[in-house]
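Below is one structure, written out as structure tokens; comments come after it.
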């Protein structure tokens, strides 16, 4: 059963993996943010293609939400944080050089593929769905690799966000979670990222604790209002 | 009606938000609001316990659901929060005087404090695995905010480490949750993530896939509970946080992780996967106890010592859970209560010592016994109780967990006993070193402990003795009810 949508999805998978490879190696922070935005855009395209195929409206909504938060808002916030901390590049890699990271992540994808092949019978039979799950989990591990191998907080946040993209990809292909849960998850993640970004500001810059608390406070109020 | 009782404290929060920090007596007002909030929670929990037929579920999708197990955890949480709220009044005033916290941050502190209680209670009464996940993420964020309110850069580092470790691990959990949803969708036609339905449908889940899902979810919950190797955030976070927050972290927040693991284990108990999962839990538990025991040996910081002791106890509970008999589950649940009370006592006492000496290191504390008799008594009672001496609650739970471990494997029992001996020795050494240091020069100003800080410590001591010596029949019935309802 080969359809246009699935072929396109396959191409998008390759592009997602390319973006992950770029995230591992790229040193300039601004390009890191752009690559992240592009990766999220690719994910929303995947969601759109799935919507085209299946006609489930929740997927359309998820695509829209992804574009809004992950392509527009989060990169914008990250750029703002980066402006505050005056760093342009993250040159340090603590344990791994970029080349070895790429090699390891290739191996990771292979391992994930192999181990998921065992469990295929329990899940959906479709090949594209299987690949989606594998690439999602691989992206999760690649994000973790970025967190381990980079030193600066803001790059670690990019690693965390990549992990999140992996989870999103995985959940797109494995099961349609109840609609409301998706909304809550994305809201929760935005809050988390904002908090981490502000905390990162507190560490990386030379500002005083007082300024840090001033920045934290209005945000926390906003956050509490969200809760109600 | 019940939901209203748990939703009511939102009003308290609103009141906090609209108060202006310039007003005189602002801190006291905030504190009173917090105490009221915690008391409402404790009162409504006791009300439900006394007069409502359990379990109760809400909404058509059964997203919220109160059963005995959830209520038991809510009860522990609300007791600890109420005592902590009282204690905070004196403690925060001391911090303000020493300029360790700014007046402007009081709102942030109390706001996060109250919100944390609400979120934790809803986590315990949520029936849905995904909702539980979201609420756990929120507890991470809120407790991180509580840690960074102090004026110290190390606190930001500790909080960041906490947020990163916990939420990275929780992403793995999410994968597991999706897997469970997909499995139930395959097996039943419609996917479900409700605890109450999962436990009924457990037998129809495919075994290898369920094991995989369990492992993924376990990673996240283990990070929340501080199980090795996901424990790295725990010691710095406990050591840097204000003592009242450390008490909450150790007594309530770690419980959320253990609670999730127990729920999940109850589901696994009905599948053939239980053998592998039990073995895995026991291995994790023994490694956790081992790492914690050796890390405790040479601690100089009192709060770090207590933090590692928390890791050790979490490991012990995981071992007990892995053994998986009804008796041991009963005592694991009892251990949760005993551990929460004793840990709060230890951290509250450590907080007073920190106010007196301005440090958490034992070598800065001179003449402890004569300067702060109550705090040192609390420390000694807590230290003796935490290692499981008779007359204290942890004695029975440790004894029964170890007896069951001996039935499982004798060499393992020997190993764990040895490790527990190291733990006991390191706590004893620490207590002796702290209490025996004298100095001819007495400090010019003594820290006068206000009664609001003394009262929680005395209450905790009374509670620990009561539970340890009498072990009320009501508690006994409640615990057996929980064990029965989990299907053991």
By average C-beta atoms within 10 angstrom, highest first, the peptides B:281-291, B:328-338, B:309-319: B:309-319, B:328-338, B:281-291
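I need B:228, B:244 ordered by Cβ neighbour count within 10 Å, fewest first.
B:228, B:244
Given the DSSP H assignment, sum -39500 (n - 2.57) over each helix run of at least 4 residues in chain B and divide by its residue total; what's the result at 222 nm in deg cm²/dmol, nearest 500?
Details: 21 runs with 370 residues, N = 488.
Result for chain B, helices only: -25500 deg cm²/dmol.
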According to a simple spin-label model (label point 7 Å from Cα along Cα-to-Cβ), what is the distance in nm between residue B:465 and residue B:201? 5.2
FRET efficiency for residue B:370 and residue B:279 from the Cβ-Cβ distance with R0 = 56 Å, rounded to 0.05, comes out at 0.60
From other protein chains only, count the Cβ atoms within 10 Å of every residue's Cβ in B:270-281, then give the mean. 0
On average, how many beta carbons from a partner chain sit within 10 Å of the beta carbon of a residue in B:163-169? 5
Helix B:302-323: inclination vs chain B longest Cα principal axis, degrees, rounded to 10, gives 20
Point-to-point label distance, residue B:455-residue B:58, nm (Cα→Cβ direction, 7 Å offset): 2.9
Please compute the length gained on full extension between residue B:407 and residue B:363, using 0.36 nm multiplied by the number of residues separating them and subtracting their Cα-Cα distance. 11.5 nm
For the pair residue B:287/residue A:80, report the inter-label distance in nm, with labels modelled 7 Å from Cα in the Cβ direction. 4.2
Could you tell me whether the stretch A:4-176 comes out rounded, prolate or oblate from its Cα gyration tensor? Rule is a ≥ b ≥ c as square roots of the eigenvalues, rounded for a/c under 1.5, then prolate if a/b exceeds b/c, otherwise oblate. oblate
Sort B:66, B:147 so the one with the fewest other Cβ atoms within 10 Å of its own Cβ comes first. B:66, B:147
Using a 10 Å cut-off on Cβ to Cβ distances, tally the other chain neighbours for every residue of B:127-135 and report the average as a whole number. 3
From fewest to most C-beta neighbours within 10 Å, the residues B:28, A:150, B:263 line up as B:28, B:263, A:150
Yeah, the protein assembly as shown with a ≥ b ≥ c from its alpha-carbon gyration tensor (a/c under 1.5 is rounded, else prolate when a/b outruns b/c, oblate otherwise) is prolate
Using only Cα atoms and rounding to the nearest 10 degrees, what angle (0 to 90) does helix B:393-408 make with the longest principal axis of chain B? 40
Please report how far the C-alpha centroid of the stretch B:162-217 lies from that of the stretch B:373-420, rounded to the nearest whole angstrom. 34
Rounded to the nearest 10 degrees, what's the angle between the helix B:274-296 long axis and the longest principal axis of chain B, both from Cα atoms, 0 to 90? 10
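Using the Cα gyration tensor of the stretch B:396-488, with a ≥ b ≥ c the square roots of its eigenvalues, what is the shape: rounded (a/c below 1.5), prolate (a/b larger than b/c) or oblate (neither)?
Since a/c reaches 1.5 but b/c is at least a/b, the shape of the stretch B:396-488 is classed as oblate.
Read-outs: derived from the displayed coordinates by stated rules, not from any lab. Treat the numbers as computed from the prediction; the structure is a model and nothing was measured. Methodologically, a virtual Cβ is constructed for each residue, glycine included, from the backbone with ideal geometry; neighbour enumeration extends over all protein chains shown.
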